[in-house]
1. Compute and list, largest first, the equivalent-ellipsoid semi-axes of chain B from the alpha carbon gyration tensor, each √(5λ) rounded to a whole angstrom.
2. Tell me the trypsin sites (Lys or Arg not before Pro) within the stretch A:16-91 that lie in a loop according to DSSP and have at most 16 other beta-carbon atoms within 10 Å.
3. Angle, helix B:449-462 long axis vs. longest principal axis of chain B, Cα atoms, 0 to 90°, nearest 10?
4. How many nm separate the modelled label positions at A:Glu116 and B:Arg495, each set 7 Å beyond the Cα in the direction of the Cβ?
5. Give, in nm to one decimal, the length gained when the segment between B:Ser638 and B:Arg691 is fully stretched (0.36 nm per residue of separation minus the Cα-Cα distance).
6. Amide H to amide H under 5 Å from B:Cys60: which residues, 5+ apart in sequence or cross-chain, H placed 1.01 Å off N in plane?
7. Net charge around B:Val236, counting only other residues with Cβ within less than 10 Å of its Cβ (Lys, Arg = +1; Asp, Glu = -1)?
8. Name the residues whose placed amide hydrogens come within less than 5 Å of the amide hydrogen of B:Thr679, ignoring near sequence neighbours (fewer than 5 apart) on the same chain.
Amino acid sequence: MAETIAAQQAAAQAPSEADIEALLDELNVSSESNLISVLQDVQARFGYLPAPALEEISRRTKIRLSRVYGVVSFYAQFYTEPHGRHMIRCCRGTACYVRGGQRVIDAVKAELGVEEEQTTQDMMFTLQTVACLGACALGPLMVVDSTYHGNMDPRKALRVLQMYQEDSG
Amino acid sequence: MQSEMTTDRIMADEVSLSIDDTEVTVPAGTTVFLAAERVGIDIPHLCYEPDLGLPPSSSCRLCLVEVEGARTLVPSCSYAASAGIVVRTDTDEIREIRRMVIELLLSNHPHDCLTCEKSGDCDLQKYAYELGVKAPEYAGELIPPQPVQDGPAISYDRTKCILCGRCVEVCHNVEVTGAIDFQERGFDTHIGLPPGLPRDQSGCTECGNCIDVCPTGALSFVGAEGKGRTWELGRVATICPYCGVGCTIVLNTRDNRVVKVTGQPGLGINHGWLCVKGRFGFDFINHEGRLTGPLIRRDGELVPASWDEALDFVAEHLTQIKQEFGPDSIAALASAKCTNEENYIMQKFMRAVIGTNNVDHCARLCHASTVAGLAQAFGSGAMTNSIEDLDQATTIFVIGSNTTECHPIIGAAIKRAAQRGVPLIVADPRTIELTEYAAVHLRQRHGTDVALVNGLMNVILSEGLEDEQFIAERTEGFAEFRASVEPYTPELAERITGVAAEDIIRAARLYAQAPAAAIIYSMGITQHTTGTDNVLSLANLALLTGNLGKRGAGVNPLRGQNNVQGACDMGGLPNVFPGYQKVDDDEARAKFEVVWGSSLPASSGLTVVEMINAAAKGAVKALYVMGENPMLSDPHQSHVEEALKKLGLLIVQDIFLTETAQLADVVLPATSFAEKEGTFTNTERRVQRVRKALEPPGEARGDWQIICELARRMGSEMSYSGAAAIQDEIAFLTPSYKGITYDRLEQGSLQWPCPDRDHPGTPILHVGRFTRGLGKFHAVEFIPAQELPDDDYPFALSTGRILQHFHTGTMSRRSEVLGALVSVGVIEINPQDAERLGIADGQPVRVSSRRGEIEINAVVTDRVTPGTLFLAFHYREAPANRLTIAALDPVAKIPEFKVCAVKIEPVW
Ligand code: SF4
Ligand code: SF4
Ligand code: SF4
Ligand code: FES
Ligand code: FES
């Protein structure tokens, strides 16, 4: 169910082959291009990095697709799926876990009605979990976009979500 | 050139250092690790393995050493030795750190050595043991193994991966497919294909080289699971039975079965790397369908018989046919799959015992035109240079060779060269993997190679790019040749070949201006009615530019079968004795008559296709087939079948009941390559030892033993103590093999000509002098293919091979992995044609020619140009050769497999 929604969203948003070609032409993508800036530009245009775009980037830059994906998946800033206006990243690392991180994650999931790597139907939030956000002292940690929210518990986490909802409401 | 000089200078520059109180002197630039190795100090190492020849990733930190005065410990695998440094490799501090490294790795590693396939061969396990790491200190929760199998062969378990990066390095820079890479980061880092892509669409060739380099059990071959621990396996190094590259493979055996095939780091011309066929194509050896006892046809049925019955039957009938119809009513097919010794014995049997020169084999179908053409031009019909030479080429010209699929290890070498920046010219009507790497892709129309190459040479001459000195000093026939290419302006060449004139000009310059340009070609050149002409054209091109007799250059035909070179060398041809000594040369014949003790016929015998025709006409009464499958491999199948059925006696000696064997009167079970001693000669004239790893199944016997037994029953004693003794006789009679003995081969392979026991072999032919004296130019005119598309049959069909299968599929299609990778044949058609004819991708189609029809699924792809179709010939259910034409090259008698006219229609 959730998956079909995600798929529908993706389909609705997916740029056409022609859009992709046009953008890569415009960006002058070639074997001389800097991969990271190409990825940033493409994501800036489409909001995420659609698979056909990555394949075309690989062809034009002559960088293997496996390496393109390697780079994309290395940087948290890149998304290969369309995502919501706000990106929530909850930590599931050990330090956060022992302090109740999982309960925070469960609460967020229940509130938004999504699983990891999914986007709410209203395209407001995308939920991700991350192995360690590198600020273990603040755990349990939840990062929305680039703002760190430390010492979370389920109640506090929901309040944070509300804040963003109201902001955009 | 320049880099060679720099290395020379560095080599001259040596540095001395002290390692664990031992002085050692090494060339500057040597790593501390390798310097230590020189004095017998083995520094623990995990991510790096010198034998693999891969650059260090320096990620594991196990090889840390102390360098006096340095602030921190340094990784010895990448730290360059410099003069005067004092290194310690084994202090308490270092041991402690090493222990920590291993403990850390084990802390998130499943501890399932009990059942892990890698146990006993795992570097992590080895160092845990050596460093006395008991239970990891940081052991958290127990981690279960998480193997993920995608595709039929390879499984990856991220929990066992130490992220050394060896597999990635091999995949990107050795195999050059770049299918896998590091994905994600931090704790989630793992090795992976692009997510969501199935392995077979990711560019992965399933070569499995990543498995071989993995130091732990992270990557493994699923087929070997549970079949034996490392220490239970026998290991025998031998030669791959598939293509002419001649890779050294290691058969890992247990209980008389092959469990897996691996490469041995650094060993063989393949340096331990293998392709998918060599690695995973071994199931045929232990296949239940192997022939285990002789069969004789009784009342129309093939029924089991004893060896005595079968051999007596054959001996009696051959003797009788010979008496009644003369020796020339008997013919034999030698075999490009069998060893040199077996081929030698087969042709000796036919010539000395039967008394006919009617012996030929499938080389006729792939490279007869090479043997004929290169012999005319240079005096020797073989690859002029070596595979290693490709490292020195400054331009590579590949024509009519889909190298990455048909000769994968050479294909990878070409891709590596292109990756280094060596310009690659590819001439092929189809888009192939190599065209991605090409500086120029010349997409000539089928069968127009002569016009294309003449066009190139026209440009070279008109721009004055020829090598005048070479032409003057080392060649003849130039004037006439020059006149012959004058008309082939790039414009005319464009009209004939369809290749843009400017591309022809660009390619000509690239080729001619290179200091050393190598030509690589294969069946796309040879399998034409103009095959010999095509070969002569390429010889002209190399002569014109002086690209012969030097490193990195040459005219290099890639031979198809593992031992097709050897079968030719051994005289498995109707016009020559071993070593290409002509049967009509009285002196040569006299020599063989003395040694073989019988009088020999002086007139050439029949070639493959002529034998079939003679059988159809009743002139050939008996055919003895050793390890070949003419029913699938020869052109115009229905005609072949008719001919074979007409024979009075068809003897098939093989390891399976092939399509041909099913028609036989007697079937003799032979041994596979894994069950015998012998030699194969690879495409670059390299004679290599084949070693026995298994006992033959049932009563199967070696080919030469069977033939000698027959000879004895026919009253001619032929007996040898073993393969080595046969090689001694070969050496005695064959100048180019004279210096080759089994003792020497134990020390390493030898490339012929090897004229005496001290001769090191010949990596490059025609240095300073051609085998025939001067290199000879030939004027070659373009002649179109015999059967061109017309209104009734509007498509040009070309046949060939694919990576995953081999020849008639007898071996490869019995492999689980290869079978799973590609289970059915397909025909390739261009999208334009497909649309016009209403053919969808994957749809069944009927393809017919004037000779027959087949049904097969279509693949719609722009790999082929409009108006052309491509079909692999491996499939017995859709045999390409039901369609092909038996039109022959007039000189080499090779059939035109590469062009025939067909029509194609959807099947609903
Ligand atoms: S099997 Fe070969 S091509 Fe495939 S991932 Fe491994 S090394 Fe790369
Ligand atoms: S899979 Fe093996 S070779 Fe590849 S990075 Fe992991 S441990 Fe190294
Ligand atoms: S390249 Fe040829 S010889 Fe080498 S492993 Fe593959 S099939 Fe065997
Ligand atoms: S474990 Fe959560 S931030 Fe490190
Ligand atoms: S072996 Fe040197 S860092 Fe791994």
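No value in this document is a laboratory result; all are computed from the given coordinates. Note that the structure is a prediction, hence the values are computed from the model and not measured. Methodologically, a virtual Cβ is constructed for each residue, glycine included, from the backbone with ideal geometry; neighbour enumeration extends over all protein chains shown.
1. Working: eigenvalues 428, 225, 175 Å².
So the equivalent ellipsoid measures 46, 34, 30 Å along its semi-axes.
2. Numbers: sites: A:Arg45, A:Arg59, A:Arg60, A:Lys62, A:Arg64, A:Arg67, A:Arg85, A:Arg89; in loops: A:Lys62, A:Arg64, A:Arg85.
For trypsin sites (Lys or Arg not before Pro) across the stretch A:16-91 that sit outside H, G, I, E and B with at most 16 neighbouring Cβ atoms in 10 Å, the list reads A:Lys62, A:Arg85.
3. Once rounded, the angle reads 70 degrees.
4. That separation, rounded to one decimal, is 6.8 nm.
5. Working: separation 53, 0.36 × 53 = 19.08 nm, distance 3.83 nm.
So the chain would gain 15.2 nm between B:Ser638 and B:Arg691.
6. Placed amide hydrogens put B:Cys47 under 5 Å from B:Cys60.
7. On the way: positive: B:Arg235, B:Arg691, B:Lys692; negative: none.
My count for the surroundings of B:Val236 gives +3.
8. Amide H neighbours of B:Thr679: B:Asn340, B:Glu341, B:Val690.
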